[in-house]
1. Show the residue pairs that are 6+ apart or on different chains and have beta-carbon atoms under 6 Å apart, the first residue being within region 60-88 and closer than 22 Å to D39 by Cα, the second being of a type in the set (S, T, Y) and outside any helix (DSSP H, G or I).
2. Enumerate the pairs (first residue in region 93-104 and closer than 16 Å to S57 by Cβ; second residue anywhere and in a helix (DSSP H, G or I)) with beta-carbon separation below 8 Å, excluding pairs fewer than 6 apart on the same chain, so at least 6 apart or on different chains.
3. Here are some residues: L52, L74. Which one is surrounded by 13 or more Cβ atoms within 10 Å (Cβ to Cβ), of a type outside the set (K, R) and either within 16 Å of Y5 (Cβ to Cβ) or touching a helix residue (DSSP H, G or I) at 6+ places or on another chain (Cβ under 9 Å) (or both)?
4. If a residue must be surrounded by 12 or more Cβ atoms within 10 Å (Cβ to Cβ), hydrophobic (A, V, I, L, M, F, W, C) and without any contact (Cβ under 8 Å) to a residue 24 or more places away in the chain, how many such residues does region 14-32 contain?
5. For region 33-48, enumerate the residues that are of a type outside the set (V, I, T), surrounded by 13 or more Cβ atoms within 10 Å (Cβ to Cβ) and over 17 Å from T114 (Cβ atoms).
6. Go through region 1-67 and tell me which strands (runs of 3 or more DSSP E), entirely inside it, have 2 or more residues that are touching a His at 6+ places or on another chain (Cβ under 9 Å) and of a type in the set (G, A, S).
Amino acid sequence: MIDTYYKIVEEAITALGIPAELTRAPQAGQWNLKKGKFDIMIDVWEQEKQFLFQIVSPICAIPDDNREAFYLHLLNRNYGMSSMAYAIMDDSVFVKYTSEANTLTQEIILNLLTKAAFYAEQSDFVPA
């Protein structure tokens, strides 16, 4: 079953004009793409008998100074986002999308990859 989702992801990557085999990570169900200076990582995995799909793009490190203002800035930016959200893990900020894989189509994945690339490119910011 999970191979069906792998195939849909690879068809979407190929539709972007990128050979899917060049984006495969060593672990099955993971792909790494590049958009300008940003990485876009795609994952498909099974968890508790459910198949999940995720797109993550690392944006920047959390600044050492003025963290509260930075977090407020991220929350305010989240409000205007469609499908994606800023997320924090460890000391890094990501643009992230996660859903159940059973809703995926090639068109949806292409749309989400476009959004992830757009938000990553628009996120090169330093808060006031």
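The values are calculated or read from the model by the stated rules, or taken from the named source; none is laboratory data. Only a predicted model underlies this, so the values are computations on that prediction, with no experimental measurement involved. So basically every Cβ, Gly included, is an ideal-geometry build from the backbone, and we count neighbours across all protein chains shown.
1. Qualifying pairs under 6 Å: A61/S92; L74/Y86; N78/Y86; S83/Y97; M84/Y97.
2. As it stands, the answer is V93/L74; V95/A116; V95/Y119; V95/A120; Y97/L112; Y97/K115; Y97/A116, since those pairs meet every condition given.
3. Matching residue, one of L52, L74: L52.
4. 4
5. Matches in region 33-48: D43, W45, E46.
6. No strands (runs of 3 or more DSSP E) qualify here.
Condition check ((1) modelled with pLDDT of 95 or more; (2) out of contact with any Pro (no Cβ under 6 Å at 6 or more places or on another chain)) across all residues:
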site	(1), (2)
D65	no, yes
A69	no, no
G80	no, yes
S83	no, yes
A87	yes, yes
Y97	yes, yes
I108	yes, yes
